[in-house]
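Chemist: One structure, as structure tokens, below. Some questions next.
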Amino acid sequence: MAHTYTPGLRVTRRATIRKRRQLPLAGEVLVSDGESVKRDRVVARTELPGDVTTLNLVNRLGVTPDELPDFMLRKVGEPVEAGEPLAETRPFIKWFKTSVESPVSGTVESVSPVTGQVILRGPPRRVQVSAYVDGTVVETIPGEGVVIETAGAFLQGIFGIGGESWGAIHPLAVTPDERLKEDRIDASCAGRICVAGGLVTLDLIRKAREIGAAGLIGGGIRDRDLRRLLGYDLGVAITGTEEIGLTVVITEGFGDIAMASKTFDILNERNGEEASISGATQIRAGVLRPEIIVPDKRSSAAAEESVATEGLSVGDPIRTIRAPFFGKTGVVTALPSELAAVESEVRVRVLEVQFENGQQAVIPRANAERIEA
């Protein structure tokens, strides 16, 4: 059967999911192989070196660099508090004494007899990595982190902002294309992941944040609303570190787009169940997609395995990712082997698709993204 490689989104009711939870630098792993963990369990921790503060003391003390060590009140490796004397001169007349106080709390890291500079290192910052999902530790990476396995629903989105969070799935929209009003966000949304259906507006995000929702999932978002929310253009940067008070996951793309029926149905089926979500997105090399994971606690049956497919085939569900059918979903009906001319008069490989509303079209294969089931 004819097939071609195309990037894909994973949207499935049952999958085996493995999440690698890794520290940014070497540290301590706190769990063991085979151990069951909850999503908020700290599985690894480390300490990042503190900030560096450089002081040019020779100018302030009026001494030469090679003399500086003799005037230091704190030696290399010793701690010092902000406001404490760090170095001082010792004149015959005490009124002429010059003293320099430390501007920060930390440790004296180095004293240079060549440049006359003193480097202070601030207190280390503790970094902890949580499990993120309820599951089982299937691999420990000494000094680095762990791999956690869970089974359940797994849904990837197109775009997201905000870091990792968790809460119960809380459907609000009645249909996948419903444009939810702010008054639908109420006290019942506090601590939950709200499903908004179609367009996620700026007012909707602000109301959800005000109520204390953990997350908000919708089909589309307007670029101008995103810019007003963040105060800047995202460009092609990696998202996920924005401090906006909640996590937002967009499943389809930019604009007033309805959520895909399958995504909407799965979220409604999991109404009230605990989920983990992440808005982290990277659209360049090393693609990273926002995700929703709902661990399946209803059955201990083996989950569907997550395996890589060879490529796009007839019958595969797809989403179009460029105009004029941007955001529409459908099924591949044919994969012609011969090249075909498109509007730009360039000859490319195409596919035939039937959209959910019955409409049929021929589009470049590069304009399609497989929805992996």
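Chemist: Hey, can you tell me all the residues within region 334-356 that are of a type in the set (S, T, Y) and touching a residue at least 24 places away in the same chain (Cβ under 8 Å)? Walk me through how you get there before you give the answer.
Modeler: Residues of region 334-356 of a type in the set (S, T, Y): 337, 344.
Result: S337, single match.
Chemist: Restricting attention to region 299-326, which residues are over 26 Å from G152 (Cα atoms) and either buried (at least 19 other Cβ atoms within 10 Å of the Cβ) or at pLDDT below 80 (or both)? Before the answer, list the steps.
Modeler: First, the residues of region 299-326 that are over 26 Å from G152 (Cα atoms): 314, 320-326.
If the condition is that a residue be over 26 Å from G152 (Cα atoms) and either buried (at least 19 other Cβ atoms within 10 Å of the Cβ) or at pLDDT below 80 (or both), then T320, I321, R322, A323, F326 are the ones that fit.
Chemist: Also, I was wondering about something else. In this structure, is D177 touching a Leu at 6+ places or on another chain (Cβ under 9 Å), among the charged types (D, E, K, R) and open to solvent by 10 Å² or more (accessible area, probe 1.4 Å)?
Modeler: Details: touching a Leu at 6+ places or on another chain (Cβ under 9 Å): yes; among the charged types (D, E, K, R): yes; open to solvent by 10 Å² or more (accessible area, probe 1.4 Å): yes.
For D177, the condition - touching a Leu at 6+ places or on another chain (Cβ under 9 Å), among the charged types (D, E, K, R) and open to solvent by 10 Å² or more (accessible area, probe 1.4 Å) - is met.
Chemist: Out of Q360, Q282, Q354, which single residue is polar (S, T, N, Q), touching a strand residue (DSSP E or B) at 6+ places or on another chain (Cβ under 7 Å), surrounded by fewer than 20 Cβ atoms within 10 Å (Cβ to Cβ) and modelled with pLDDT under 90? Working first, answer last.
Modeler: Details: Q360 fails: modelled with pLDDT under 90; Q354 fails: modelled with pLDDT under 90.
From the options Q360, Q282, Q354, the qualifying one is Q282.
Conditions tested, residue by residue: (1) at pLDDT below 90; (2) within 20 Å of W166 (Cβ to Cβ); (3) open to solvent by 60 Å² or more (accessible area, probe 1.4 Å).
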site: R209; (1), (2), (3): no, yes, yes
site: G220; (1), (2), (3): no, no, no
site: L229; (1), (2), (3): no, no, no
site: I244; (1), (2), (3): no, yes, no
site: R270; (1), (2), (3): no, yes, no
site: S276; (1), (2), (3): no, yes, no
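Chemist: What do you reckon, is R125 under 30 Å from I318 (Cβ atoms), open to solvent by 10 Å² or more (accessible area, probe 1.4 Å) and touching a residue at least 60 places away in the same chain (Cβ under 8 Å)?
Modeler: Working: under 30 Å from I318 (Cβ atoms): no; open to solvent by 10 Å² or more (accessible area, probe 1.4 Å): yes; touching a residue at least 60 places away in the same chain (Cβ under 8 Å): yes.
No, not satisfied.
Chemist: Could you pull out every one of the strands (runs of 3 or more DSSP E) wholly within region 3-94 that has 3 or more residues that are closer than 30 Å to E352 by Cα?
Modeler: Per the criteria, 8-22.
Chemist: OK, next. Collect the residues in region 241-263 that are within 10 Å of the chain's Cα centre (by Cα) and more than 19 Å from G191 (Cα to Cα), keeping them in residue-number order.
Modeler: Across region 241-263, the qualifying residue is only T241.
Chemist: Report yes if some residue within region 147-163 is closer than 30 Å to V43 by Cα, β-branched (V, I, T) and touching a Phe, Trp or Tyr at 6+ places or on another chain (Cβ under 8 Å); otherwise report no. If you could, list the steps in order and put the result at the bottom.
Modeler: Taking region 147-163 as the starting set, the residues that turn out to be closer than 30 Å to V43 by Cα are 147-163.
Narrowing the set further to residues that are β-branched (V, I, T) leaves 147-148, 150, 158, 161.
Okay, now just the ones that are also touching a Phe, Trp or Tyr at 6+ places or on another chain (Cβ under 8 Å), so 148.
For region 147-163, residues closer than 30 Å to V43 by Cα, β-branched (V, I, T) and touching a Phe, Trp or Tyr at 6+ places or on another chain (Cβ under 8 Å): present.
Chemist: What helices (runs of 4 or more DSSP H) lie completely within region 171-281 and have 1 or more residues being under 27 Å from T150 (Cβ atoms) and in contact with an Asp or Glu (Cβ under 8 Å, 6 or more places away or on another chain)?
Modeler: Details: elements: 202-211, 223-230, 261-269.
In region 171-281, 261-269 are the helices (runs of 4 or more DSSP H) which contain 1 or more residues that are under 27 Å from T150 (Cβ atoms) and in contact with an Asp or Glu (Cβ under 8 Å, 6 or more places away or on another chain).
Chemist: Taking I371 as the residue in question, decide whether it is among the β-branched types (V, I, T), in a strand (DSSP E or B), touching a helix residue (DSSP H, G or I) at 6+ places or on another chain (Cβ under 8 Å) and at pLDDT 75 or above.
Modeler: yes
Chemist: For residues in region 30-45 being within 20 Å of the chain's Cα centre (by Cα) and not charged (D, E, K, R), which is most open to solvent (accessible area, probe 1.4 Å)?
Modeler: Within region 30-45, the subset within 20 Å of the chain's Cα centre (by Cα) is 38-45.
From the residues that got through so far, the ones that are not charged (D, E, K, R) too are 42-44.
Values: V42: 44, V43: 0, A44: 0 Å².
Among those residues, the one meeting the criterion is V42.
Chemist: Determine, yes or no, whether E182 is open to solvent by 20 Å² or more (accessible area, probe 1.4 Å), out of contact with any His (no Cβ under 8 Å at 6 or more places or on another chain) and at pLDDT 95 or above.
Modeler: Values: open to solvent by 20 Å² or more (accessible area, probe 1.4 Å): yes; out of contact with any His (no Cβ under 8 Å at 6 or more places or on another chain): yes; at pLDDT 95 or above: no.
Taking the combined requirement at face value, the residue does not satisfy it.
Chemist: Among the residues in region 208-221, are any over 21 Å from the mean Cα position of the chain (by Cα) and either farther than 30 Å from T320 by Cα or in contact (Cβ under 8 Å) with a residue 12 or more places away in the chain (or both)?
Modeler: In the first step, residues of region 208-221 are kept if they are over 21 Å from the mean Cα position of the chain (by Cα); the result is 210-211.
In the following step, the residues that additionally are either farther than 30 Å from T320 by Cα or in contact (Cβ under 8 Å) with a residue 12 or more places away in the chain (or both) were identified as 210-211.
Yes.
Chemist: Moving on. Residues that are aliphatic (A, V, I, L, M): find the strands (runs of 3 or more DSSP E) completely inside region 95-149 holding 2 or more of those.
Modeler: Values: elements: 99-101, 106-111, 117-121, 125-130, 135-141.
Where strands (runs of 3 or more DSSP E) fall fully within region 95-149 and carry at least 2 residues being aliphatic (A, V, I, L, M), they are 106-111, 117-121, 125-130, 135-141.
Chemist: Take the residues in region 111-133 that are closer than 25 Å to P24 by Cα and of a type in the set (G, A, S); name whichever of them is farthest from the chain's Cα centre (by Cα). Walk me through how you get there before you give the answer.
Modeler: So the first thing to find is which residues in region 111-133 are closer than 25 Å to P24 by Cα, and the list is 119-133.
Subsequent filtering for residues that are of a type in the set (G, A, S) retains 122, 130-131.
Working: G122: 28, S130: 14, A131: 14 Å.
Ranking the candidates gives G122 first.
Chemist: Could you tell me whether A153 is touching a Lys or Arg at 6+ places or on another chain (Cβ under 6 Å), open to solvent by less than 30 Å² (accessible area, probe 1.4 Å) and touching a residue at least 60 places away in the same chain (Cβ under 8 Å)? Give the derivation first.
Modeler: Details: touching a Lys or Arg at 6+ places or on another chain (Cβ under 6 Å): yes; open to solvent by less than 30 Å² (accessible area, probe 1.4 Å): yes; touching a residue at least 60 places away in the same chain (Cβ under 8 Å): yes.
Criteria met by A153.
The values are calculated or read from the model by the stated rules, or taken from the named source; none is laboratory data. These numbers were taken from a predicted model, which means no experiment stands behind them. Please note: Cβ atoms are built from the backbone with ideal geometry, for glycine as well, and neighbour counts cover all protein chains shown. What goes into the accessible areas is simple: the full protein's heavy atoms, side chains included, and nothing from ligands, DNA or RNA. Shrake-Rupley method; radii C 1.70, N 1.55, O 1.52, S 1.80 Å.
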